[in-house]
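S.K.: Okay, handing you the structure first.
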Number of protein chains: 2
Amino acid sequence: MDSMKIYFAGSIRGGRDDAILYLKIINELKQYGQVLTEHVGDEDLRISGEEDKSDKFIHDRDMDWIFESDVIIAEVTTPSLGVGYEIAMAIQLKKRVICFFNKSKGKSLSAMISGSDYTKIYEYDTFEDIQRSLSEIFLQ
Amino acid sequence: MDSMKIYFAGSIRGGRDDAILYLKIINELKQYGQVLTEHVGDEDLRISGEEDKSDKFIHDRDMDWIFESDVIIAEVTTPSLGVGYEIAMAIQLKKRVICFFNKSKGKSLSAMISGSDYTKIYEYDTFEDIQRSLSEIFLQ
């Protein structure tokens, strides 16, 4: 059986505050399938993003990856134009969209994300909460 | 002739740092048409957003407004999940999408926004730059 293809979405140019968390989530996701967007968790990836590639290349590659993927897992605590864009495009492609939001940081999640019928939001406090949710999502 | 319907997109829950700028842009846009999203420039609108409405109500109303609109004008300097989502949905609906990005703040615009073939990005330094661009956009 081909392994599940997972598109992980996290903030790059919106801010890299959660880069280490993204890496931990990606490593966790590898238990369940192939993560197409491993670079999002790269601690060396700076806020300027992948500087050796054009924005059009990055955009078109990421759109191809969303098209190919079976599921989108988005970390939505750090506001990000790119993550919002990816979620909307994934919904249009009728992909399963799962969002993780850290409820202990005093932020409010966009109504466009939480108010959609086509996103499933998991609020969490700790990384262990994310681990538990992922095992429910993928092993059910 | 019916007036042009303009959907203005700016950050709400992603951060209200630019709320006064949004108000100025909306006031400027009213010269050219009907702005469907006037509340985005409300200085009293807090980061928690429209607290008297459900997220689903806000999402579905905003989607209806994007559908109705002739053009989307987005201020994309403050990263925002909602603005990214709205831009992607507008592109899917084949709307004209125009983005303003303040290039003097040292931020990097998401590759998903700048790398799309269906967005037009105007970089600016001052509000006068925005005024000049809008008059080019609408009076051409």
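The values are calculated or read from the model by the stated rules, or taken from the named source; none is laboratory data. This one's a predicted model, so the numbers in the text were calculated from it and none came from an experiment. Note: areas computed on protein heavy atoms with side chains; ligands, DNA, RNA excluded. Shrake-Rupley method; radii C 1.70, N 1.55, O 1.52, S 1.80 Å.
S.K.: Can you give the accessible area buried between chains B and A, summed over both chains, with a 1.4 Å probe, in Å² to the nearest 100? Could the numbers behind the result be given before it?
M.R.: Details: alone 7980 and 7960 Å², together 13060 Å².
Buried area between the two chains comes out at roughly 2900 Å².
S.K.: Accessible area per residue for segment A:18-84 in Å², computed with a 1.4 Å probe and the full protein assembly in place, what is it? Provide the component values of the computation, followed by the final result.
M.R.: On the way: 2890 Å² over 67 residues.
For segment A:18-84, the solvent-accessible area averages 43 Å² per residue.
S.K.: Over chain B, with a Gaussian network built from C-alpha contacts below 10 Å, which listed residue (B:Gly84, B:Gly41, B:Gly106) shows the highest mean-square fluctuation?
M.R.: B:Gly106
S.K.: Considering only B:Ala111, B:Ala88, B:Ala19, give the residue with the highest GNM mean-square fluctuation for chain B, with springs between Cα atoms whenever their separation is below 10 Å.
M.R.: Top of the fluctuation ranking is B:Ala111.
S.K.: What percentages make up the Cα-Cα pair-distance distribution of chain B when the bins are 10 Å wide from 0?
M.R.: 12, 46, 37, 6, 0
S.K.: While we're on this one: Using a 1.4 Å probe over the heavy atoms of the protein chains, calculate the carbon and sulfur portion of the accessible area of chain A as a whole percent.
M.R.: Numbers: 3070 of 6520 Å².
Its accessible area is 47 percent carbon and sulfur atoms.
S.K.: Using protein chains only (no ligands, no nucleic acids) and a 1.4 Å probe, work out which residues of segment A:73-95 have their accessible area cut by at least 40 Å² relative to the chain alone.
M.R.: At a threshold of 40 Å² (probe 1.4 Å), the residues of segment A:73-95 that become less exposed are A:Pro79, A:Leu81, A:Tyr85, A:Ala88, A:Met89, A:Gln92.
S.K.: Then there is this: Check cross-link reach from A:Lys30 to the lysines: straight Cα distance under 30 Å, and skip same-chain residues fewer than eight apart.
M.R.: Leaving aside lysines fewer than 8 places away in the same chain, those within reach of A:Lys30 are A:Lys5, A:Lys53, A:Lys56, A:Lys94, A:Lys95, A:Lys103, A:Lys105, A:Lys107, A:Lys120.
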